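Worksheet: one structure, shown below.
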Amino acid sequence: ILHSDGKKWIHTKDIGYMDEDGNIFHVDRIKNIFMRKGFNVHPSKIADFLDSIYFVKNSTVIGFDDPQEQAVPVAFIELDAKYLDRNIDELKDELKIACYESLEETSIPVDFVFVDMIPVNLGGKIDNNKIKNEANINFSKSKNVPKTLKFMK
């Protein structure tokens, strides 16, 4: 589409940027961003941070509707195999501390759910819809979040 600035733009509903060499980098999907207490929350940035923690193999963050805060992030964590025997509550505490030290308040997940694997769709992307449906989290009814979930390959 030709814009008023004379440049052609392609609207993909993706968020990204181009570096000085013309390389394009994908950052997130617009549909994944949600509002919490009036602030934009970028789940991919939270997941990137969580993935940097030594015992996290893979993670994804999904926004769930919340009657008080608009939506809240819940993190789904796949552990590195070396840490599968660790106490889940201790790992959650470590994750909370790391998030409080490094993330903005509105980006701190309200809970962490441990999964045996993060499911992916046929395109190789994380299947957040499957996770959201199977997690069955509804904050308008209660604040109970499952500690663990199992996904079949």
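Tabulated data
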| quantity | calculated |
| --- | --- |
| Over 32 Å (Cα to Cα) - which of LYS8/LYS132; LYS82/LYS132; LYS7/LYS130; LYS7/LYS37 fall in this group | LYS8/LYS132; LYS7/LYS130; LYS7/LYS37 |
| DSSP bridge pairs, the chain: antiparallel proportion in percent, nearest 5 | 75 |
| Those GluC sites (Glu not before Pro) in segment 87-132 that DSSP places in a loop and that have at most 16 other beta carbons within 10 Å | GLU104 |
| Prolate/oblate/rounded label for segment 52-143 (Cα gyration tensor, a/c 1.5) | oblate |
| Accessible area expressed per residue, the chain, with surrounding protein chains retained (probe 1.4 Å, Å²) | 66 |
| Percent carbon-and-sulfur accessible area, the chain, ignoring ligands, DNA and RNA, probe 1.4 Å | 51 |
| Spin-label pair ILE10/LYS37, simplified geometry with 7 Å Cα→Cβ offset, distance in nm | 3.9 |
| Tensor-based shape of segment 85-139 (alpha-carbon gyration tensor, a/c under 1.5 rounded, otherwise prolate or oblate) | prolate |
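The values are calculated or read from the model by the stated rules, or taken from the named source; none is laboratory data. Everything numeric in this text was worked out from a predicted model, so none of it was measured. Here Cβ is always computed from backbone atoms with ideal geometry, including for glycine, and neighbour counts include all displayed protein chains. Side chains are part of the model used for accessible areas, which takes the heavy atoms of the whole protein and leaves out ligands, DNA and RNA. Shrake-Rupley method; radii C 1.70, N 1.55, O 1.52, S 1.80 Å.
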